[in-house]
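Report on the following structure.
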Amino acid sequence: MARRRERPGPLDPRSAEILWAVIEEYVATALPVGSVALVLKHDLGVSSATVRNVMAELERAGYLMQPHTSAGRVPTDHGYRLFVERRTPAPLAPVDQLMIRHQFGQVEYASEQWFRLAAATLAGLTHVAGLATPAKSEAARLRRVDLVSSGERLASLVLVVAEGPVKQLLLPLEVVAHQADLDAAAVRLNQLTVGRTARQLARQLPDWPLQTDADRLAARAGARILAALREIDATAVDDVFSEGLLNVMEAPEFSESEKLRRVFRVLQDREYLGDVVHDVTRAGDVRVYIGSENRAREMRDVALILAPYGRPGRASGVVGVLGPTRMAYPQAIGTVRYVSGLMNELVDHLYA
């Protein structure tokens with residue numbers, strides 16, 4: 001393996017090169033790395049004795065650890081962190097970029113398919129788990145409302161939230177209403193609700209006209225819409241789409257399935273994930289959380305690489321990957337950055 005030029009850092013070039021080699025070898029094999037293996041597989045230009053001495057120094061500095069006295073060494077979270085900060089993310093191959101653009105062009109923006117595609121794309125290219133959350137605004141606004149008959153006295157109220165999810169709610173009816181009646185009420189609803197936030201709708205709802213059956217049905221649906229908007233606003237993260245969990249389950253670090261189940265239980269905690277999303281969107285770029293850098297104890301064995309997408313100040317979500325701390329960070333960071341950038345382009349194009 002050819003030597004790579006190192007950026008200035010807290011380690012001298014030889015120590016940094018050996019640390020990078022240990023990390024790359026451990027990521028590839030999941031086995032503790034010894035000095036002989038490094039000399040045989042990497043063009044380090046020094047003897048195994050020199051490598052062994054440098055590895056001992058790296059262990060004392062907290063970049064490596066020795067799981068067993070007779071074993072080789074493995075990177076620590078501190079070692080991975082230095083690696084992430086000093087290595088340039090690997091750009092995604094042009095052929096992969098074209099494939100991803102084509103796939104995104106085939107699905108509806110902000111639909112469930114869109115987010116599942118983002119998660120699946122990230123999982124397929126990084127061989128860990130891909131994650132995506134729908135873009136969420138601090139104050140949800142409606143883009144469209146539909147009413148569809150679901151029975152003589154029951155209708156489906158479909159809410160299309162601007163830069164957000166589609167919600168489908170059941171609306172009990174006081175009288176029998178045919179689809180033509182629902183269509184008339186939907187026209188009135190769209191006139192009165194599209195572009196409104198929950199706060200605006202709450203102020204206007206008491207003044208809605210109640211002169212016709214369509215007006216009264218629209219008012220009944222308006223109260224249900226107001227409750228739904230308030231519920232959306234109160235939720236930090238609407239949903240988490242994940243793909244590629246099998247990739248993580250097959251990693252030797254997660255031979256105990258309960259360990260991985262605990263990780264994903266944490267990710268289902270909307271408050272926890274909401275705080276992470278807030279941090280990522282505020283940073284405005286890729287954020288990497290390695291092992292002990294994660295706030296939850298259950299997440300200490302994994303790394304999260306997340307990037308924001310959306311429209312700052314209006315609606316934002318995140319995409320990223322989750323895997324063992326033994327991850328190919330340059331490739332994963334480059335892939336996450338590309339997918340988030342593409343999603344930003346699509347959002348900008350849609351709302352230009």
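Only the coordinates and a few stated rules stand behind these numbers; no lab work does. Keep in mind the model is a prediction, meaning the values are calculated, not measured. Glycine also receives a Cβ, built like all others from the backbone with ideal geometry; neighbour counts cover every protein chain displayed.
In loop segments of region 254-296 as defined by DSSP, the GluC sites (Glu not before Pro) with at most 13 further C-beta atoms inside 10 Å of their C-beta are Glu256. The Cβ shell under 15 Å around Ser156 holds other residues with a net charge of +1, Lys and Arg each +1, Asp and Glu each -1.
Short-range pairs are left out: with C-alpha atoms under 8 Å and at least six residues apart, the relative contact order of region 142-234 is 26 percent. For region 99-182, GluC sites (Glu not before Pro) meeting the loop criterion (DSSP other than H, G, I, E, B) and having at most 14 other Cβ atoms within 10 Å: Glu108, Glu138, Glu152, Glu174.
Looking at the chain as a GNM with Cα springs under 10 Å, which of Val128, Val148, Val263 has the largest mean-square fluctuation? Answer for the Gaussian network model of the chain: Val148.
One quarter of the surface of the convex hull around the alpha-carbon atoms of region 142-234 equals 5.3 nm², the direction-averaged projected area. Normalised by the number of residues in the chain, the mean separation of alpha-carbon contacts (under 8 Å, six or more apart) gives a relative contact order of 18 percent. This model, with +1 at the C-beta of Lys and Arg and -1 at the C-beta of Asp and Glu, gives region 178-273 a dipole about its Cα centre of some 480 debye. With respect to the chain, whose longest principal axis is taken over its alpha-carbon atoms, helix 94-104 is tilted by about 20°. In terms of the Cα gyration tensor, with a ≥ b ≥ c the square roots of its eigenvalues, is region 13-86 rounded because a/c is under 1.5, prolate because a/b exceeds b/c, or oblate? Because its axes are fairly even, with a/c under 1.5, region 13-86 counts as rounded. Just to confirm the number: angle between the C-alpha axis of helix 112-126 and the first principal axis of the chain, 0 to 90 degrees, nearest 10? Relative to the chain, helix 112-126 is tipped by roughly 10 degrees.
Secondary-structure-derived ellipticity at 222 nm for the chain, considering helices only, amounts to -15500 deg cm²/dmol, per-run term -39500 (n - 2.57) for DSSP H runs with n ≥ 4. Dipole magnitude for the chain: computed about the Cα centre from +1 point charges on Lys and Arg Cβ and -1 point charges on Asp and Glu Cβ, it is near 600 debye. Sequence-ordered 3J(HN,Hα) estimates for region 200-205 from the Karplus curve with 6.51, -1.76 and 1.60 and θ = phi - 60° stand at 5, 5, 5, 6, 8, 4 Hz, glycine and proline given as x. What stretch of the chain, leaving out the sites themselves, is the longest with no trypsin sites (Lys or Arg not before Pro) in a DSSP loop having at most 16 other Cβ atoms within 10 Å? The longest such stretch corresponds to 6-152. In the neighborhood of Asp239, defined by Cβ-to-Cβ distances under 12 Å, what is the net charge if each Lys or Arg adds +1 and each Asp or Glu adds -1? Combined, the nearby Lys, Arg, Asp and Glu give +2.
A full extension of the chain between Met99 and Ser150 corresponds to an added length of 14.4 nm, given 0.36 nm per residue minus the alpha carbon distance. For region 13-86, averaging the sequence separation of C-alpha pairs within contact (under 8 Å, six or more residues apart) and dividing by the residue count gives a relative contact order of 33 percent.
Summing Lys and Arg as +1 and Asp and Glu as -1 over all other residues whose Cβ lies under 14 Å from the Cβ of Ser257 gives a net charge of -2.
The alpha carbons of region 302-352 give a radius of gyration and a Dmax of 12.5, 41 Å, in that order.
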